[in-house]
């Protein structure tokens, strides 16, 4: 900061420093080239200037070695930037295996966050410092974008599918949340703050804000209210596949392809059930599009995730269809 | 450049010009090459124009193969095949028209162009009946769309693309029809000679292109899953 | 070649041989058509500039106290639409390209003069549609028209604007087609491809992009208009449609479009630097081929606008890599321009000052593309003011400065008059300073996190915004100054003569302003472009 002018966002997460380091490298490269060419041009303009309109310049047409040099060397520099930035990008896009999950939806013009223990927040997000946090979110209407400048990360909220961002916050305090995809009248009002807390303060906040049960418990209630449990029997003999231990596994489809059962697939199965039909089952499931809000879909997703049954209790009917060990999906949507 | 013509002295009024040579060109040959190149470039733009819709079609077909199969079965394959034959026939008559103009047969040129127009009109009339049937079955996307079964959403996308692609094609056919009317009139007025029949030739290019677009549209829209893999 | 007529005797020029309104509105003369484009584009420029003025005034304070949020959203949308489609895309090709291309080729006109006039009418009709949309309530989707906001949620004149853009696209397509055929078929005897001025290579490459790219935005805007008007559902997520498909289709054109905007000004810069260094452009074939490379590679990078829009990591990698690849030809051009000045005989007249200003600003604009191409950094920078600064440096600092350099260079040929060299240099410096002050702070604003298209912003961003708005007022003064002395030259400027800059190029071998059909006798070319080898400029 220079007398009140912010020149730089705070480094609020583990990856912020990595992004900044890359940024500074590119600044250095840019400044070097810009200064070099500027100085050369001004020097030539001054040194070779003339007021005689009939004077002509030297008869020079080019130089292949020079052309190769100033094509290849910059290209190599850009490769360095590319590889380095790809590395940072992988880190930004791939959360670690164990993350604190939070669900969110954007709608015009607010951000709604749902914690696993049932806390709901609007335009404010409390997170613990030092733990990886992953936010799975979508939009309920038009495109939005969830942007945390302090964490150097964002992703678009796209109606019809899930996006994720993840971060490990390091700097305790409040930081900006911005919507970064134009969404209409109050786009610049769709802002909030992420409150990063020490672990003890965070736990105190959690206990002080609970009401209505965990997200998964809400999902369980919906599962029965919407009669999902009438087809998805846990012994595998229902009209729909059992969902016990399904999350994280690979599922074989009627088309022959395999799909990873992640948040997106569960959501898709609720809203467009015929799109990726499980092998061996009839296309009977009705769509719940319009009957379930995106927030309630997230509760159902959490419930399905929680349906982990101890291995001894897995029904014999299912055992052959499952792989030996559930795989954790890494794909990004 | 194929003709390296030396500078000619004085203004261009000193030697007789072919009536059809425009003043900014040096020769009929240069003018003809320019016109032909121009029409080919225009057709390339048309490929890109339709291309966006073909791209959308391809993506959605890969994502929703069942919906595509079901929706495609709602189209009348007999009418579609008939129309395909009609258009291919009209390209044949167009080719004969160009040949007639090339050989200086004025009346034959007019006749072949009129035949081309007639076949084009047949195509459009059949299309009208097909669209009418779609209206009656509520297969036109929008608030009145109705489609049985769980594939209704993607089916509406299929029909959106169906109407956009065939509608755009039909619009090109109508424009082609108007162009042919003008060319037929010019031929009737004996404007074309074996030295200069460029408008017939480049209109022919345009007509053939519109035909080729249909030859892609027919299998893509009408022949999805005739073998019933997705039934 | 010299005319045997004394300067004082009245000469026939393309400007004075016919005077009626009909002789202008029904003209087939590429030079008159170029001037008619100049009128519309200049109007669009000041219209877009007016919108920008209100935007920067509003942004001087954090609160939304000057205009309402809806008005603000319409202002930035209409600023973008006016500037992109009605200034940047047509400026150099339709104005300078129309005027200069046939002259540089030694031709009497373009290949299809009537089509050229039709292109102008299509342009005007598209512009009128768009102005109607602006006046009848405006449009607020952003010039990028992203769905589903534009197809479902916005209640402004999306269809009218979309149709206006759709119609105008055909003007661009037909102009590109016309220029390509002209270059292929109407070069003067002896004018082989590698003797062509680099401006012609630039126009040719641009025409490639116009022909291949513009139809895609046409079908995209058409699909959007149909979706909105008839409730078709191609992009509608409720039906299973993909709103991101719109982005792919949109950017497939709109990225190459930025090369339509920058390649012709780069061509003009090549001409100016050669003429005022009195020396051949260093690495002629490299500069020529780099124009083609940019045109072709420019079609392969569109999804670098979509790194956070849900594309896969692997797609992102490919597009990032290709984006770096396409940066290299632009760098090559810049180095070649600088090298051209080495041991040149540099005549620091106004066009050269504008060209040098271009070099500085284009350099920064292009180099800041390295940031946005970098995946790890773009996640943070996407949709912030950093991107706004980057593209304004290239579009305004690059394309508009290049256009002005060309305009100042060819003004004597177009009008037969010289403008005030001093005022032109002063304007260049004012624009350069004002521009840097306007957009420099925006790089910092972007990295700090201020998103784009924000009507209100957190108070800590105010100082940088105020600096930017102050710069904008200086910039405005610079542009108004340009308009003043250029118009003044029409009344008070001294006569230019055939070749006031003693430059090579067939356009300088004929009178200023040129004859209606350009050349009294057909030129024949016997040497390369930019042959400044002797003390007396050899003129055919």
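Every read-out reported here was derived from the displayed coordinates using simple, explicitly stated rules and does not represent laboratory data. Everything quoted here is computed from the prediction, not taken from an experiment. Here the Cβ is made from the backbone with ideal geometry for all residues, glycine too, and neighbour counts use every protein chain on show.
A few comments on the model shown:
- For the stretch A:1-115: rounded, prolate or oblate by the Cα gyration tensor [a/c cutoff 1.5]: prolate
- Shielding of peptide A:6-19 by partners, expressed as the average count of other chain Cβ atoms within 10 Å per residue Cβ, is 3.
- An ellipsoid equivalent to the stretch C:24-509, defined through the eigenvalues of its Cα gyration tensor, has semi-axes of 34, 25, 23 Å when rounded to whole angstrom and sorted largest first.
- Hydrodynamic radius of the stretch A:71-125 per Kirkwood, over alpha carbon pairs, in Å: 14.6
- Among beta bridges identified by DSSP and lying wholly in chain A, the antiparallel ones come to about 75 percent.
- Volume per residue for the stretch C:398-529 equals 155 cubic angstrom (convex hull of Cα atoms).
- Averaged over the residues of A:139-152, the number of partner chain Cβ atoms lying within 10 Å of the residue Cβ comes to 5.
- Put in line by how crowded their Cβ is, counting other Cβ atoms within 10 Å and starting with the fewest, C:145, C:252, C:43 read C:43, C:252, C:145.
- Of the residues C:473, A:139, C:312, the one with the fewest other Cβ atoms within 10 Å heads the list, and the complete ranking is C:312, C:473, A:139.
- Folded to 0 to 90 degrees: helix C:158-185 orientation relative to chain C principal axis, Cα: 30
- Angle between chain C longest axis and helix C:462-492 axis [Cα atoms, degrees, rounded to 10]: 30
- Simple spin-label estimate for residue B:171 and residue C:517 gives 4.0 nm between the two label positions (7 Å along the Cα-to-Cβ direction from each Cα).
- Tail fraction, Cα-Cα pairs, chain B, threshold 28 Å, whole percent: 44
- Average other protein chain Cβ within 10 Å of Cβ, residues C:104-116: 3
- Which of C:105, B:205, C:224 has the fewest Cβ neighbours within 10 Å, and the rest in rising order: B:205, C:105, C:224
- On Cα atoms only, tilt of B:28-63 relative to the major axis of chain B in degrees: 10
- For the stretch A:100-208: span of alpha carbons on each principal axis (Å, largest first): 39, 25, 20
- Scattering profile of the stretch A:215-321 at q = 0.24 Å⁻¹ [log10 I(q)/I(0), Debye over alpha-carbon scatterers]: -1.68
- Overall, the ratio between the Cα radius of gyration of the stretch A:263-304 and 2.2 N^0.38 Å, rounded to two decimals, is 1.13.
- Viscosity 1.002 mPa s, 20 °C: Kirkwood-radius Stokes-Einstein D of the protein assembly as shown over Cα pairs, µm²/s: 67
- Using the rule -39500 (n - 2.57) for each DSSP H run of four or more residues, divided by the residues of chain C, the 222 nm mean residue ellipticity is -21500 deg cm²/dmol.
- P(r) tail fraction, the stretch C:158-216 - alpha-carbon pairs more than 20 Å apart, %: 36
- Ellipsoid semi-axes in whole angstrom, largest first, where each is sqrt(5λ) of the Cα gyration tensor of chain A: 51, 26, 19
- Calculated [222 nm] ellipticity per residue, helices only, for chain A: -10500 deg cm²/dmol; basis is -39500 (n - 2.57) per DSSP H run with n ≥ 4, divided by all residues, nearest 500.
- Peptides C:262-268, C:447-453, C:363-369 ordered by packing proxy, namely the average of other Cβ atoms within 10 Å per residue, highest first: C:262-268, C:447-453, C:363-369.
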